[in-house]
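Student: One structure is given below, represented as structure tokens, and several questions about it will come after.
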Amino acid sequence: MTPKMRIEGQQKLISVLIPVYNEEGNIRRAYEAVRDTFDQLKDRYTFEIIFTDNHSTDGSIAIISELAKSDTRVRAVRFARNFGFQRSVLTGYRLASGDAAIQLDCDLQDPPSLFPKFLELWEQG
């Protein structure tokens, strides 16, 4: 993959990868936390969220699809069957189009409020 050419001062795109399996109670909360974090960083970064649904049996895909319809920064991927957590993560990385990617568990085990520090360290190399 070739490096993306950026115009000086242009925002960098950050891909946020969220693997999902039966997370209907967490999806909106994760989306809102990511959105709110990037609202605070909007002068430097824009973002996309890639939800990879590992064939959930609850209402996860319906919620993700609704978010994708209402926010063009959200992408929904649903597997035809359960391929496992690692495939969800790998698929997210393969579909990411950002300058950098951050994997996030849907239950917010590691909160998006850590993103500014991650991005600061990434920018430092």
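The values are calculated or read from the model by the stated rules, or taken from the named source; none is laboratory data. Note that this is a predicted model, so its numbers are computed, not measured. Cβ sites come from the backbone with ideal geometry, for glycine too, and all protein chains shown count toward neighbours. Accessible surface is based on the protein model in full, side chains and every heavy atom, while ligands, DNA and RNA are left aside. Shrake-Rupley method; radii C 1.70, N 1.55, O 1.52, S 1.80 Å.
Student: Kindly indicate whether any position in the stretch 73-91 is β-branched (Val, Ile, Thr), open to solvent by 10 Å² or more (accessible area, probe 1.4 Å) and part of a helix (DSSP H, G or I).
Tutor: Yes, some residue in the stretch 73-91 is β-branched (Val, Ile, Thr), open to solvent by 10 Å² or more (accessible area, probe 1.4 Å) and part of a helix (DSSP H, G or I).
Student: What single numbered condition from (1) open to solvent by less than 90 Å² (accessible area, probe 1.4 Å); (2) among the hydroxyl-bearing types (Ser, Thr, Tyr); (3) more than 15 Å from the chain's Cα centre (by Cα) fails to hold for Ser65?
Tutor: Answer for Ser65: the failing condition is (3).
Every residue, every condition in (1) farther than 17 Å from Asn54 by Cβ; (2) touching a residue at least 40 places away in the same chain (Cβ under 8 Å), yes or no:
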{"position": "Thr72", "(1), (2)": "yes, no"}
{"position": "Asn82", "(1), (2)": "no, yes"}
{"position": "Gln86", "(1), (2)": "no, no"}
{"position": "Val89", "(1), (2)": "no, yes"}
{"position": "Ser97", "(1), (2)": "yes, yes"}
{"position": "Ile102", "(1), (2)": "yes, yes"}
{"position": "Cys106", "(1), (2)": "no, yes"}
{"position": "Pro112", "(1), (2)": "yes, yes"}
{"position": "Phe118", "(1), (2)": "yes, no"}
